[in-house]
Amino acid sequence: MELFDRQKDAVGQGERTLLVYVQTPAVRNIHNAKSEFRELAESSGLNIIEAIQVNRNSTLAQYYIGTGKVDEIAQMVQALKLDLVIFSAELSPSQERNLEKTLECQVMDRTGLILDIFALRANSFEGKLQVELAQLRHLSTRLVRGWTHLERQKGGIGMRGPGETQLETDKRLIAVRIKNITKRLEKVHKQRDLGRKSRIKNELPMIALAGYTNAGKSTLFNTLTDAQVFANDQLFATLDATIRRVILPASGEAVIADTVGFIQDLPHDLVDAFKSTLEETKRANVLLHIVDAADEYNIEKIGQVEKIINEIGASKIPSILVMNKIDCLENFKPRIDKDESGRVYRVWISSKTGAGIDLLYQALAQQLSGMMTRARIELDVMSAYIRSEIHNIGYIHTEKVDDFGRWILEINVTHHYLSKLLNKKGVKLLWEQNPK
């Protein structure tokens, strides 16, 4: 039998695919694991011809699954003329290599599939570099399988065959590429740090959106910021971190960051590659944890997200559970849930219809109140132009003109901006709450 030689790593659109869901004791209690695995495959644009389930209490070193099931899959590959077999489990490099030799087609595990989806969806310069870095790290452990046709031509003692030479060359090229990408990412990260330092200097509150993939993060981001970030009903519709300045009712100016969506057992290579992007979550003043309220498995997904939030060191950031997509629930009204101390811990909204967004603004105002100053100021006739500036920086609760033509404004702004404002000519502070 001629050995299968793998000539590519990325999957192609429309490839005839068999999904093999391996149920082990580790995933038996994750109720949506099987359906999510299929959603991942569908998100990558594959042509799914068949899907089977394999039950294993333990795994085997050679193929991960039993030889009898491997023979059954091999027959299906031949009969259905399949191009690709994807396993839901994480396979070792040797297991993938053994399966490809036996099945005579491309084999991929769940990690490889997620990496492929990320490569498909990344649009920004930084996002593409991060995904390529994760792919190269993943590929470096699996390099041998792509050159089996050369490896079989190795020479005798004292003579390295072309296969071994090619492998060493390829490993060296990948190592150089990883080093170059890491350097380029460091430059991008320095630029991001400059923007972050500017926000810290101006005391702008940071709000980070986090959540399970396809919970509606990007749709909510667009609703809050009037941005045009791509949003679709699919896993990992958007990957690139997006940051926007906004003026929030009753809060004033803030920065909102939309980050990559999470998923159960997110590959470590991706977590490492996107660490700088996830730094925005770690440095936020408020974390909005977006949850699909209509998802019957949302409790499990909340746990998965909280696990990753804890891994990146963001567990101590004040957070609000945002139960999104209530438009998919029957006769459900927006509402705010508070704990015994009166703090808002959960808000029920629909980012698609806008229902409950005003309640979310209230919750954010409560969380950010410690960073904001409520003040009443007086502007003389010649300084009325400052009013429009305040509209762009903070939030004006009330405004009126007195008998002398002076503007009396009650505003919410950051401590930093109020200090700058009071240094302007024609501005007078009447009273202030929450002084720094």
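The values are calculated or read from the model by the stated rules, or taken from the named source; none is laboratory data. Worth saying up front: this structure is predicted, and the values here are computed from it rather than measured. Every residue, glycine among them, receives a Cβ derived from its backbone with ideal geometry; neighbour counts consider all protein chains shown. Ligands, DNA and RNA are excluded from the accessible area calculation, which covers all protein heavy atoms including side chains. Shrake-Rupley method; radii C 1.70, N 1.55, O 1.52, S 1.80 Å.
Only a single item in (1) touching a residue at least 40 places away in the same chain (Cβ under 8 Å); (2) surrounded by fewer than 16 Cβ atoms within 10 Å (Cβ to Cβ) is not met by residue 348, and it is number (2). Kindly check whether there is at least one residue in region 46-68 that is assigned to a helix (DSSP H, G or I) and either under 32 Å from the mean Cα position of the chain (by Cα) or in contact (Cβ under 8 Å) with a residue 60 or more places away in the chain (or both). Checking region 46-68: not a single residue is assigned to a helix (DSSP H, G or I) and either under 32 Å from the mean Cα position of the chain (by Cα) or in contact (Cβ under 8 Å) with a residue 60 or more places away in the chain (or both). The selection criterion, being assigned to a helix (DSSP H, G or I) and either among the polar types (S, T, N, Q) or modelled with pLDDT under 85 (or both), does not hold for residue 306. Write out, first by first residue and then by second, each pair whose Cβ atoms fall under 7 Å of each other, whose residues are 6+ apart or on separate chains, and whose first residue, in region 367-390, is under 15 Å from residue 252 (Cα atoms) while the second is acidic (Asp, Glu) and open to solvent by less than 30 Å² (accessible area, probe 1.4 Å). From residues that are under 15 Å from residue 252 (Cα atoms), the pairs are 376/410. With respect to the conditions (1) open to solvent by less than 10 Å² (accessible area, probe 1.4 Å); (2) at pLDDT 90 or above; (3) under 20 Å from residue 23 (Cα atoms), residue 65 falls short on a single one, namely (2).
I'd like to know if region 338-345 contains one or more residues that are part of a strand (DSSP E or B), under 25 Å from residue 206 (Cβ atoms) and of a type in the set (Lys, Arg).
Looking for residues that are part of a strand (DSSP E or B), under 25 Å from residue 206 (Cβ atoms) and of a type in the set (Lys, Arg), one finds at least one in region 338-345, hence yes.
Filter region 361-381 down to the residues that are open to solvent by 60 Å² or more (accessible area, probe 1.4 Å) and either among the acidic types (Asp, Glu) or in a helix (DSSP H, G or I) (or both) and list them by number. 362, 366, 370, 381 - these are the residues of region 361-381 that are open to solvent by 60 Å² or more (accessible area, probe 1.4 Å) and either among the acidic types (Asp, Glu) or in a helix (DSSP H, G or I) (or both).
State yes or no: is residue 358 open to solvent by 20 Å² or more (accessible area, probe 1.4 Å), modelled with pLDDT of 85 or more and under 26 Å from the mean Cα position of the chain (by Cα)? Yes, satisfied.
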